[in-house]
Amino acid sequence: MIAAPSRAAALRAWDTHQDLFASGQAWVSTDDAAREAALEHPETLLRRPIGSSGAYEIEPAGLPKIPDAPGPKKARAKTAKRGPPKPPADRTRLDAAESELRDVDQGRKQEEGDLRREEEAFQARREAAQDAYVRARKAATAAVVAARKAYRKAGGSD
């Protein structure tokens with residue numbers, strides 16, 4: 001608890017650069033007793049023992065009241081003889097279900113790998129087709145340019 005003229009002054013008194021007000025770790029007090037104690041000692045850090053509702057002080061002396069720990073639990077009285085121990089639970093169905101799940105996951109991984117390889121092969125075919133198109137278009141464009149040039153040389157006009 002600190003009495004300060006501003007939040008910035010309070011943060012300086014706490015010797016921190018982090019905005020404790022923004023993070024919710026500090027707040028403006030609404031407790032009248034706490035405010036009065038802070039105003040008696042401006043810009044001084046006041047404390048009280050954790051968990052107590054005592055007054056804020058520069059050096060708190062008292063310790064908080066801690067409730068007594070609960071006593072040991074009483075052992076349950078044995079009312080009947082126990083029968084033979086239960087056999088361990090049968091894991092057959094659980095093991096089979098877990099195995100099926102692993103198989104499904106492994107199948108999906110295999111399918112993903114196959115699809116990825118098909119996609120890479122398709123992309124390679126697409127790139128090869130694009131390269132062939134570019135080469136053919138350049139050749140056809142060069143043929144049009146040469147034919148146009150020959151046409152104009154022969155006296156033709158566009």
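The numbers here are math on the coordinates, done by the rules we state, and not lab data. Keep in mind the model is a prediction, meaning the values are calculated, not measured. Backbone-built Cβ (ideal geometry, glycine too); neighbour counts: all protein chains shown.
Quick rundown of the values:
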| item | result |
| --- | --- |
| Residues whose placed amide H lies under 5 Å from that of GLU57, excluding near-sequence neighbours | ARG47, ARG48 |
| Local net charge near PRO5, Cβ-Cβ under 12 Å (Lys/Arg +1, Asp/Glu -1) | +1 |
| Exposed trypsin sites (Lys or Arg not before Pro) absent: longest stretch of the chain, with sites in DSSP loops and at most 16 other Cβ within 10 Å deemed exposed | 92-158 |
| Computed [θ] at 222 nm, helices only, for the chain once each DSSP H run of length n ≥ 4 contributes -39500 (n - 2.57) | -17500 deg cm²/dmol |
| For the chain, Kirkwood radius (reciprocal of mean inverse C-alpha pair distance, Å) | 27.4 |
| Förster radius 41 Å - calculated FRET efficiency between GLU59 and THR30, Cβ distance, rounded to 0.05 | 0.95 |
| Cα Rg over Rh - segment 83-158, Kirkwood | 1.74 |
| Cα-centred dipole magnitude for the chain, charges only on beta-carbon of K, R (+1) and D, E (-1), debye, nearest 20 | 1140 |
| Simple label model, 7 Å out from Cα along Cβ direction - ALA89 to ARG116, nm | 3.7 |
